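Contents: one structure, followed by commentary.
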C-alpha cells in the first residue's frame, strides 16, 4: 500500500486496523504522524500560520487553497497544466485533527519511505527525521514532491524493485 504526502496518514490508519490485508507499506514523501498527532503539530510554525491565514482568507477557515504546482517541484508546462486542472482546496480540519492509532505506526509491517529529493519538500522535514529515527528503509528519487507526475516510470520501477 502506497501513501503519498497527506496519504501517509491514511495508510497508517489502514495498517492500524487491517494489518492482515497488507503486505508492505510505502510512504511516498509522506507525512508521518504518531497516535494523537496532527499534521499541524508536525509542520513548521511559519507553514502552519500561512496555511491557517490562507484558509481564513479564502474560505472562512473551511479549506486551504491548493498551492501552485511549482511548490511541489513541478516545472514542466504540460505537467503544471495537468496538475493545476485537478487541484482542489484541502479541508482545513484534516490538518488539525489528530491521527488515532491503537498500535505503533506501521503496525509491524515492512515499511519503506521514499524521499523525493530534487527539490526537497521542506514542510516534510519532521517526517523525514522521524523515519530516520525509526530506522526505516529509506530510498531516494531525484525529483520533486509529486514523483508520480514528474517521474512516473522511474517511480514505478522503484516500487516494483522495492516490492520484489
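Counting other beta carbons within 10 Å of each Cβ, put 148, 158, 32, 18 in order, fewest first.
So the residues, fewest neighbours to most, are 18, 148, 158, 32.
Say a paramagnetic label sat at a point 7 Å from the Cα of residue 47, along Cα to Cβ; which residues of region 132-158 have their backbone N under 18 Å from it?
132-134, 141, 143-148
Counting only DSSP beta bridges with both residues in region 2-163, what percent are antiparallel, rounded to the nearest 5?
20 percent
Pull out the extension gain between residue 156 and residue 81, defined as 0.36 nm times the separation in residues minus the alpha carbon to alpha carbon distance; nm, one decimal.
Additional length available on full extension: 24.8 nm.
Just to confirm my numbers, what's the Cα centroid distance between region 2-62 and region 107-136 in Å?
13 Å
Can you tell me the convex hull volume per residue for region 55-102, based on C-alpha atoms, in Å³ to the nearest whole number?
102 Å³
Fewest first, what order do 72, 6, 40 take by the number of other Cβ atoms within 10 Å?
In order of increasing Cβ crowding within 10 Å: 6, 40, 72.
Multiply the residue separation of residue 62 and residue 102 by 0.36 nm, subtract the distance between their alpha-carbon atoms, and state the gained length in nm to one decimal.
Additional length available on full extension: 11.5 nm.
Here, each number is a calculation from the coordinates, and none is a lab measurement. Because the structure is predicted, anything quoted here is derived from the model rather than measured. For neighbour counting, all protein chains shown are included, and Cβ atoms are generated from backbone atoms with ideal geometry for every residue, glycine included.
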